[in-house]
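The structure appears below as structure tokens.
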Amino acid sequence: MSELKGINVVWLSETDLTNLNAGEGESNYIDVKKYKKNGIEYPYVSGQAMRFYLREAIRRNLNNDEYMCIPDDKGETCGDISKCINCDLFGFMTTIKGKGAITRVSPVKVSPAIGLFSFDENSNVDFLTRRHRVTEGTKMEGDIVNVEMGTNIYKSGISIDLLRVGAEEKIDEENRTADIEDKIDENEKISRIKKIIEGIGFISDYSKQARLLTDFTPDLVVISLQNIYSHRLQKLFELNEEGELNKERFKEILEEVSKYSDKLFFGMISGILKNEDAEFVKNTLQEKNMEIKTPKDAIDDAVAYLSTQ
Ligand SMILES: [Zn+2]
């Protein structure tokens, strides 16, 4: 564990027709968040929404003796990183009695989920009836809401700064040096890191999920346990508009990240990549004495490996 500095996870997830982060509020037109590249619109799910999904996935699977606070009505959290998994992993900005306002930068970086295919070619507007109570005690009435929806493959990723899990930076004012001070023991630290990885396999809690059931867990996932802190793995998968993998890119990034990774875990289900690309990935990994399992097995293997550290 002491050798490991960073963990990166990058994954692709194919969605059915859905709207993953519908705009909030009461408007009757609910659109999908989009970004533009070369004048073409692509859907995305914000990094903030992804953090929320991951956090709630971890919260749902807590044991009885584990604690994650819930923000108060001002959005402030408890700020006790030794006790609270939420404040430790996801950071906070809060006011603590006697200490004033303090901020913790999250040791878990979460990327937005980026749709890889253009929105226009893969979208629809659907009509849902939204039911609401007009006034207290009267019957439910419905109105029609237009919900923009699309199918796509989304790319998401996280990066964990292992030194900062359960730890705080201490600045020595006199010598102008900084040191990392652990607030939890090694077992607790590994337990929290495992929860993040496991959480990815359980991500749910999407907007509009009450109406639109979709699976947003990884269909293709890679987890790197690295002895340096780097985000490089996030560039591993590039698909063109036809869904074809950039094979050269895959090889190059794999080559680089392998150099500073103790271990890489791969998981894939069939159909997420074109057959030819899936074969290429399998063969490339085989040449490097790595194997590819299902996403669930890859996550389980990474978690099991961390237990031995
Ligand atoms: Zn807290």
Checklist line | Karplus 3J(HN,Hα) series, Hz, for segment 84-97 with 6.51 cos²θ - 1.76 cosθ + 1.60 (x for Gly, Pro) | finding: 9, 5, 4, 5, 5, 7, 10, x, 6, 9, 8, 9, 10, 3
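If I take R0 = 35 Å and measure r between the Cβ atoms of R59 and E276 in this structure, what FRET efficiency does the formula 1/(1 + (r/R0)^6) give, to the nearest 0.05?
0.30
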Notebook entry, point to check: Whose amide H sits under 5 Å from the amide H of I272, counting only residues 5 or more places off or on another chain, with H placed in the peptide plane?
Noted result: none
Next item on the list: Would you please give the residues with an amide H less than 5 Å from that of Y44, counting only those at least 5 places away or on a separate chain, with H modeled from the backbone geometry?
Entry: K33, K34, Y35, G115
Next item on the list: Report, by chain and number, residues whose modeled amide H sits under 5 Å from the one on A167, excluding near sequence neighbours (fewer than 5 apart, same chain).
Entry: K183
Item checked: Under 27 Å from the Cα of K170 - lysines, other chains or at least 8 residues apart -> K5, K83, K97, K99, K109, K183, K189, K194, K195
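Throughout, read-outs are computed from the coordinates displayed, never taken from laboratory work. Note that the coordinates shown come from a computational prediction; the quantities given were computed from them, not determined experimentally. Glycine gets a Cβ as well: all are built from the backbone with ideal geometry, and neighbour counts include every protein chain shown.
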